[in-house]
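Written below as structure tokens is the structure these notes are about.
The values are calculated or read from the model by the stated rules, or taken from the named source; none is laboratory data. Because the structure is predicted, anything quoted here is derived from the model rather than measured. With ideal geometry, Cβ positions are generated from the backbone for all residues, glycine too; neighbour counts draw on all protein chains shown.
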Amino acid sequence: MKNTIGNNFSITLFGESHGKAIGAVLDGVPSGIAVDEAFIARQMEKRKGINSISTPRREVDTVKILSGVFEGRTTGTPICFMVENTDIKSKDYSLTKDLARPGHADYTAEKRYGGFQDYRGGGHFSGRLTAPLVAAGALALSMLREKGIEIATHISSCGEIKDREFGNLAEDIRQLENLSFPVLSEKAGKEILSYIEKAKKEGDSVGGTLTTVVTGMPAGVGEPWFDSVESMLSHGLFSIPGVKGVEFGKGFGFAEMMGSDANDEFTVVDGEIVTVTNNNGGINGGITNGMPIEFTVAVKPTPSIYKKQNTVNFKTAQSAELEINGRHDPAIIHRARVVVDSVTAIILCDLLITRFGTQFFGK
């Protein structure tokens, strides 16, 4: 089982949803980087559920740093982040442990690990493991901010409801930094909340899209083929539970455009080479061009729903009906935005260190 991503700046995940703890080991971090534990805590808060539209499971999610940090700064050795699991109700899963929950990894885990997997709460496949991703990502975000690189994500759509697009990037990034429910339009935010609450009352769930912008990335980062910026980011983003689509810039919209409309013409503004439009999302030939990186991810509806569903018992190979209990989210898009920010930061740190070395971060 491979649980590591990254070349020169890598992260390894460990733990299960209902085990004693979950965590991550971040390797390749330059020495001397300041570790802001208050910022890590704020990032962890963004991942937590919001009252009626999230799971009743309430974890404290206090991050413990076990290694790699001394007197508030990184030592250059692997950093281990650990988050204890405290609010566990495993009996909710024992009654249906042999039933393949539609949309979940129960059946594929059974085939991959021969019945030895931890089924409780999805085990190692659970979105619970995004918690240490956020903890490690907070450090990566801090490193990028020191170099003037900012990342922000908002809910761009939920069902047929759409948030406004990014406008003034500096202002929008500051606005999203302080929002627990990441939308740019107050009206869209209220409509999306109502839509999620309606789905919850019906025992159902909803998905949506998240759009991310990265400002301040220097031009010339990335490789032309297998380690292109799109390839590396997609590798990380598709590892987030529930993400089923990724597009950069206009993405699938390019299929409906003419080349004369799709191409981003170059110009010079205040002595800097820029493009007039940003249809390609800040990337040409797999390499950053200095414009903001923009991409959108599609997040599927939470597969755990309270409606009765047809399935099979994978131990007996017989048909069965499934009606789940337990604690589940009717939507995860609002909680997933900080995970997207975190994974993006980790991947970008890896790309930057690969291109410029650890000296890029000034230590």
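Being of a type in the set (Gly, Ala, Ser), within 30 Å of Asn325 (Cα to Cα) and part of a loop (DSSP other than H, G, I, E, B) narrows it down to one of Gly76, Gly123, Gly32, Gly19, so name that one.
Of Gly76, Gly123, Gly32, Gly19, the one residue that is of a type in the set (Gly, Ala, Ser), within 30 Å of Asn325 (Cα to Cα) and part of a loop (DSSP other than H, G, I, E, B) is Gly19.
Return the total of residues in region 181-201 being without any contact (Cβ under 8 Å) to a residue 40 or more places away in the chain, out of contact with any Cys (no Cβ under 8 Å at 6 or more places or on another chain) and within 17 Å of Ile332 (Cβ to Cβ). Let's see the steps before the verdict.
Pass one, region 181-201, residues without any contact (Cβ under 8 Å) to a residue 40 or more places away in the chain: 183-192, 194-195, 198, 201.
Add one more test, that the residue is out of contact with any Cys (no Cβ under 8 Å at 6 or more places or on another chain), and what stays is 183-191, 194, 198, 201.
Narrowing further to those that are within 17 Å of Ile332 (Cβ to Cβ): 183, 189, 198.
Number satisfying all stated conditions: 3.
In the set Ile273, Ile287, which member is of a type outside the set (Gly, Ala, Ser) and without any contact (Cβ under 8 Å) to a residue 60 or more places away in the chain?
After applying the criteria, what remains is Ile273.
Would you point out which residue out of Ser157, Ser194, Ser234 is within 28 Å of Glu323 (Cα to Cα) and polar (S, T, N, Q)? I'd like the intermediate steps shown before the answer.
Details: Ser157 fails: within 28 Å of Glu323 (Cα to Cα); Ser234 fails: within 28 Å of Glu323 (Cα to Cα).
Answer to the selection: Ser194.
Inside region 309-337, can you point out the residues that are more than 14 Å from Ile50 (Cα to Cα) and in contact with a helix residue (DSSP H, G or I) (Cβ under 6 Å, 6 or more places away or on another chain)?
Phe314, Asn325, Gly326
For region 28-56, which residues satisfy the criterion of being modelled with pLDDT of 95 or more, surrounded by fewer than 17 Cβ atoms within 10 Å (Cβ to Cβ) and either closer than 30 Å to Lys200 by Cβ or in contact with a strand residue (DSSP E or B) (Cβ under 9 Å, 6 or more places away or on another chain) (or both)?
Passing the criteria: Ser31, Gly32, Ala34, Glu37, Ala41, Arg42.
Can you name the condition, by its number, that Thr275 falls short on among (1) out of contact with any strand residue (DSSP E or B) (no Cβ under 6 Å at 6 or more places or on another chain); (2) within 29 Å of Met143 (Cβ to Cβ); (3) of a type in the set (Ser, Thr, Tyr)?
(1)
When the residues of region 113-151 are narrowed to those that are touching a residue at least 60 places away in the same chain (Cβ under 8 Å) and among the basic types (Lys, Arg), which ends up nearest to Leu348 (Cα to Cα)?
In this case the residue turns out to be Lys147.
Among (1) of a type in the set (Asp, Glu); (2) free of Cβ contacts under 8 Å to residues at least 24 places away in the same chain; (3) crowded, with 17+ Cβ neighbours inside 10 Å, which single condition is Glu171 missing?
(3)
In this structure, does Ile155 turn out to be touching a residue at least 40 places away in the same chain (Cβ under 8 Å), touching a Pro at 6+ places or on another chain (Cβ under 7 Å), buried (at least 20 other Cβ atoms within 10 Å of the Cβ) and part of a strand (DSSP E or B)?
Yes.
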